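Input: a single structure, listed below in structure tokens.
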Amino acid sequence: MSNDAGRIAEFMADDWVLVSDSGVTSAERFLAVIRSGELTYSGIVSVGVSRVRVYGDTAVVTAPGDQHRLLPGPRFDADEWTADVFVRRDGRWLCTLTHIAAATPPRRPPGGKARASTRS
């Protein structure tokens with residue numbers, strides 16, 4: 001995982017946004033936080049199978065992963081699902097939207113077995 005804002009920006013469309021539980025973050029704001037060092041990634045580990053669907057010049061990628069971020073303070077580890085929307089522009093695939101959501105552990109119904117994970 002690179003914390004190089006320039007390299008990250010290469011795969012992002014100018015109108016890219018990140019949608020998370022804290023709201024919508026623009027590409028400009030996200031890259032500024034990376035450049036400042038306020039947010040760094042120490043690793044992203046794939047923990048399941050990615051799902052990729054291509055619809056002409058649009059692609060949707062969903063994947064589970066463990067993200068390890070460093071914010072001011074202690075390290076922050078998150079088990080998350082990500083969904084990315086890519087569009088093909090001038091022969092290049094660029095990400096226009098990233099949505100992250102916390103993964104929850106399988107729930108155990110009262111008196112029953114844990115439900116199957118949705119990670120496949």
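The values are calculated or read from the model by the stated rules, or taken from the named source; none is laboratory data. Keep in mind that this is a model prediction, so the values were computed, not measured. Note: ideal-geometry Cβ built from the backbone for every residue, glycine included; neighbour counts use all protein chains shown.
One table, with the values for the structure above:
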read-out: Total residues in region 1-35, condition among the small types (G, A, S), touching a residue at least 24 places away in the same chain (Cβ under 8 Å) and closer than 11 Å to L97 by Cβ; value: 1
read-out: Complete set of residues in region 77-98 that are in contact with a strand residue (DSSP E or B) (Cβ under 6 Å, 6 or more places away or on another chain) and either farther than 24 Å from S22 by Cβ or modelled with pLDDT of 90 or more (or both); value: A83, D84, V85, F86, V87, W93, L94, C95, T96, L97, T98
read-out: Count of residues meeting criterion [surrounded by 13 or more Cβ atoms within 10 Å (Cβ to Cβ), under 21 Å from D79 (Cα atoms) and at pLDDT 85 or above] in region 9-46; value: 6
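For every residue, the table says whether it meets (1) under 22 Å from L31 (Cα atoms); (2) among the hydrophobic types (A, V, I, L, M, F, W, C); (3) modelled with pLDDT of 80 or more.
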site	(1), (2), (3)
V52	no, yes, yes
I100	yes, yes, yes
R108	no, no, no
A114	no, yes, no
T118	no, no, no
